[in-house]
Amino acid sequence: MSQPITAEQFVAASQYAQEVLRRWRLQSDWLERGEPKPGHGPVDDLPIEAALRRRRQLESLRILWHEQLGRHDVDQTGRALSRLASECLSEALIEAESRVTDRHGRLQGADSRLCALALGKLGGDELNFNSDIDLVFVHDGRGQSDGRRPLPARDYFSRVVRELTRLMDEITAHGRVWIVDTRLRPFGQAGALVWSLDAMEHYFVNEGRTWERYAWLKARPVAGDLKLGRELLKRISPFVFRRYLDYGLLDSLRTLHAEIDERSRREDLRHDIKRGPGGIRELEFLVQSLQLLRGGREPDLRQAGFLPALEAAATLKLIEPGEARQIAHAYRFLRVLENRLQLATGRQTQELPDDPEVRDHLSTLMGYSSWQALDEHTARIRASVRGVFEKRFETPPIRTSATRCLWPPTEALEQQLANFGFDASADAASGIRRLFERVSRRAMSAEGRRRLDRLMPELFDELIEQRSPDIALPALLALIETIARRSAYLALLHERPQTLSRTVRVFKRSDRVAEWVIASPQLLDDLLGPVGDVALPTPPRMQRDEIEASLNALARYRQAGFVRTALGQLDGKLDRPAARRHLTRLAETVLESMSQLLLPDNQPHPAIIGYGNLGAAELHYTSDLDLVFLSASDEPPLRAVQRLINSMQIPMAGGKLYAIDTRLRPNGNAGMLVSTLDSFADYQRRHAWTWEHQALVRARCIFGSDTEKQRFEEIRRDALCQPREVGKVVAALRDMRGKQLAQRKEGAHKRVLGDIQFVAELGVLLHAAEAPQLISIRDTTGQIEQLAAGGWLDVAAASELVDIHKTTASLRDRVFLERNFDESMQPEIAQVVARVWQQVRMKLDFGIKLK
């Protein structure tokens, strides 16, 4: 790379700079002085046509000069050029409306104006030096104008657009402002020049095509009534970004890819850095395909600009970090090259030059010592882009199926299934025929039926690879019946054979996960990742103006967290302690997100105290969230807290977020939903029952300010570290355990875990006064170990309890998750727990204290 060039060298290497400076009678030193000088008298005296052209040409030249000097990068150049284009459009639109109003009057009863929406580079806020600007126009006018020659709204706004286009695009003695392209409007050149808001929405709902989804990814209102433009984008967002994972799009994307690939191989595009192999268009397609595929589920992907969308894809782990950096580097290099190529030639081109002189100029502007050095580096960049592009869109191999005879089912189905290893072939045949009859009666598109008929033999092929294929068949048929309503999921399982294979294996092993996925097929997405990837999904962004959408996104997040945790346990990548941490972190994230969404910004949020398994970070899949809300303010947001609790329990597609239990607050259901910290402290000191202090053993401040957390811990310490009468504590805990067992049914595993928990909590309550370090431990096994270390529990007995607790908790999860898992428990386990209880009673009788 060479040293920065001077203004004279910059102008000498740029055909565009020479033409512009000559046109406006300026010298190269103008670049260094800054402000434009008038060329034909004061700028204010120029007609608007000339003023717009002067401003565009000189300002864009200065923007490129600043990039050349390193004052900003190519990202900032794109934004600066986009801002310049938007400002020129706004000025031209005001003038165009004024001229049409002079001729035809004003529209009656129309408060809003026309809106110009930009697509392409301007829509993405990444305009290059000599881009076209792709515009689509929408209005919401009614009636007609009030002039001597009145016009209906559509004709009126069509006149405005034609006048605007003439102001911007007409070639005069001063050149043009920008080339305006309106062919991306509905029906292209055959369609109306301006569309009403309702008509535009109706078009995309009923007529929109795949390539238009691709084009409207970059849509952005840039001039006129911006609010109207945003309303249009909101309305058509469901068309562009489908709510479900749009794997049905892959066939269309692959067709588009093939077209791009074929076009790029044409000899006349070999040197084209935009449309040729390894060019900008291939990079854009890489990222935009992910936006179309997953943007409905991941709002962060709904970015008009390439680099923000790439960053979002990397954050969501849809693109590996190293690959994302490679793509970003290649994109920035090619965009700089494109800008300086157009600067050097003075033309709207993306084709590398053949002329030796222009090559030398381009090398100078790019900072390379020779054309050969620049050409070789460009070739390496394009080869890397081509490699990523081909890897991402490789055509899947044609698969042959051994079970094609099973679908559609024939009279020989039962015997065929028996030949493939189905033990209950009659039941299996009945289930397959029942599915076939139901989907045959259902209204499905031809494409949906094609996808179903393509997938079913592939599903059977995977199934017969399993031992006892009968086991998973009913659940898999139920899944197919569900997803046949939305055939994109049929496409997903076809496009991702590894996902189909894993779905079959998981459905065979876990009826629980199968039940979750059948109820919410979008959870198939969580079977896409590699086995062993146990990371929780990225939490959705909460939007206060989209409460329902935010709640649904949060419900999907909770569901996905359950599935990923369950898969981690089934795959042996998460043990029970790790799983409980996952489930606890998941619940905490949901609570935090709900607080952001529903609690007011204009007053302090109450502290949220987690009791029970949440407080101890020992959540199970079936756990309620035991919550208490405490406020430092005398006027807490009661309505907002009640709304948060209710919203957590609203039935949604995948079930409610969590069941919430607030009965552990002071005075239970009769008490205030939100207590002040002072009243909570007074209650714990003067009125709380022993069982309420027992509940406090596991309590933890989940969310709150540092001051609130510290105050809660002080209250908790004062309550738990007071001397107690042994007999009263034992009697209170015995009565409470008896009520628990009488009021709810506990399986053998949960009963053992509950008994051990009571042993630990009894020890903490009796000895926290002399050993306050006990209250810093909230999980049961940690408490047992600390009590043994202090001598209150026999070390050997404590070790047995810890082992039993870990084993039983793990078994409980397996019973919950795994199909037909033997839930019987060895009788010695209950005997060990009972024996430890007896030892504890003996120690209490003899007054043995903690060391």
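The values are calculated or read from the model by the stated rules, or taken from the named source; none is laboratory data. None of the values given here were measured: they were computed from a predicted structure. Ideal geometry is used to build each Cβ from the backbone, glycine not excepted, and the neighbour counts take in all protein chains shown. What goes into the accessible areas is simple: the full protein's heavy atoms, side chains included, and nothing from ligands, DNA or RNA. Shrake-Rupley method; radii C 1.70, N 1.55, O 1.52, S 1.80 Å.
A count restricted to the range 99-136 and to residues that are without any contact (Cβ under 8 Å) to a residue 60 or more places away in the chain, in contact with a Phe, Trp or Tyr (Cβ under 8 Å, 6 or more places away or on another chain) and either among the small types (Gly, Ala, Ser) or closer than 19 Å to Thr182 by Cβ (or both) stands at 1. Quick check on the range 190-205. Is at least one of its residues over 25 Å from Val240 (Cα atoms) and part of a loop (DSSP other than H, G, I, E, B)? No, because not a single residue in the range 190-205 is over 25 Å from Val240 (Cα atoms) and part of a loop (DSSP other than H, G, I, E, B).
Restricting attention to the range 720-758, and to residues there that are assigned to a loop (DSSP other than H, G, I, E, B) and of a type in the set (D, E, K, R), which single residue is most open to solvent (accessible area, probe 1.4 Å)?
The first filter runs over the range 720-758 and keeps only residues assigned to a loop (DSSP other than H, G, I, E, B), leaving 721-725, 744-747.
Now narrow it down to the ones that are of a type in the set (D, E, K, R): 724-725, 744-746.
Details: Arg724: 52, Glu725: 112, Arg744: 105, Lys745: 197, Glu746: 32 Å².
Among those residues, the one meeting the criterion is Lys745.
For the range 327-354, filtered to residues that are closer than 18 Å to Gln57 by Cα and not in a helix (DSSP H, G or I), the residue that is most open to solvent (accessible area, probe 1.4 Å) is Arg347.
Here Ile804 fits the description: modelled with pLDDT under 90, β-branched (Val, Ile, Thr) and touching a helix residue (DSSP H, G or I) at 6+ places or on another chain (Cβ under 8 Å).
Does Ser510 satisfy being at pLDDT below 90, under 23 Å from Asn820 (Cα atoms) and out of contact with any strand residue (DSSP E or B) (no Cβ under 7 Å at 6 or more places or on another chain)? When the stated conditions are applied, Ser510 does not pass them.
Scanning the range 311-326 for residues that are among the aliphatic types (A, V, I, L, M) and either free of Cβ contacts under 8 Å to residues at least 12 places away in the same chain or assigned to a helix (DSSP H, G or I) (or both) gives Ala312, Ala313, Ala314, Ala324.
Answer yes or no as to whether Leu117 is under 32 Å from the mean Cα position of the chain (by Cα), at pLDDT 85 or above and crowded, with 17+ Cβ neighbours inside 10 Å. Give the steps one after another, and end with the answer.
Working: under 32 Å from the mean Cα position of the chain (by Cα): yes; at pLDDT 85 or above: yes; crowded, with 17+ Cβ neighbours inside 10 Å: yes.
So Leu117 passes the test.
Within the range 617-646, the set of residues being buried (at least 19 other Cβ atoms within 10 Å of the Cβ) and of a type in the set (Ser, Thr, Tyr) comprises just one member, Ser631.
Taking the numbered list (1) surrounded by fewer than 16 Cβ atoms within 10 Å (Cβ to Cβ); (2) of a type in the set (D, E, K, R); (3) assigned to a loop (DSSP other than H, G, I, E, B) in turn, Glu713 passes all entries but (3).
Only a single item in (1) more than 27 Å from Asp803 (Cα to Cα); (2) part of a helix (DSSP H, G or I) is not met by Gln569, and it is number (1). In summary, Ile471 fulfils each of the numbered conditions (1) more than 23 Å from Arg294 (Cα to Cα); (2) open to solvent by 40 Å² or more (accessible area, probe 1.4 Å); (3) touching a Leu at 6+ places or on another chain (Cβ under 8 Å) with the single exception of condition (3).
Name the residues in the range 131-156 that are open to solvent by less than 30 Å² (accessible area, probe 1.4 Å), within 30 Å of Leu310 (Cα to Cα) and part of a loop (DSSP other than H, G, I, E, B), would you? Walk me through it before giving the result.
Within the range 131-156, the subset open to solvent by less than 30 Å² (accessible area, probe 1.4 Å) is 131, 133, 135-139, 141, 145, 147, 151, 153, 156.
Okay, now just the ones that are also within 30 Å of Leu310 (Cα to Cα), so 131, 133, 135-138.
Matches in the range 131-156: Ser131 only.
What number of residues within the range 759-793 are touching a residue at least 24 places away in the same chain (Cβ under 8 Å), within 46 Å of the chain's Cα centre (by Cα) and open to solvent by 10 Å² or more (accessible area, probe 1.4 Å)? Going through the range 759-793 one residue at a time, the tally reaches 5.
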